[in-house]
1. Only helical DSSP H runs with n ≥ 4 go in: add -39500 (n - 2.57) per run for the chain, normalise by residue count and round the 222 nm mean residue ellipticity to 500 deg cm²/dmol.
2. Computed from the mean reciprocal separation of all distinct C-alpha pairs, what Kirkwood hydrodynamic radius does the chain have, in Å?
3. Would you mind telling me which residue in Ala52, Ala15, Ala43 has the biggest mean-square fluctuation in a Gaussian network model of the chain, where springs connect alpha carbons within a distance under 10 angstrom?
4. Tell me which of Leu46, Ala14, Leu62 sits at the most positive position along the dipole axis of the chain, charges placed on C-beta atoms (Lys, Arg +1; Asp, Glu -1).
5. How far apart, in nm, are two points set 7 Å out from the Cα along the Cα-to-Cβ line at Ala52 and at Leu31?
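Please treat every number below as a calculation from the coordinates, not as lab data. Note that this is a predicted model, so its numbers are computed, not measured. All Cβ positions, even for glycine, are placed from backbone atoms using ideal geometry, and neighbour counts span all protein chains on display.
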Amino acid sequence: MPHCPRANSASQIAAAMRDTGTTASRLNKPLTVRLLPVPGLQAGELTAFESADLCNCAVLALP
């Protein structure tokens, strides 16, 4: 699950969902969008979750 900065606007998240929906339609496959907004981090920074259910990775920027 990609992590994204919490500062992303609703329109940026909607655009990512729309792009995935277009790709799913073209490929005739069920694709989903799962993003985890992380407060206080910017694109390129690493997360520091302590939960075994989440893996730490770099925060990605949305276009």
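1. It lands at -9500 deg cm²/dmol.
2. 12.7 Å is the Kirkwood radius here.
3. Ala52
4. Ala14
5. Result for the modelled spin labels: 3.4 nm.
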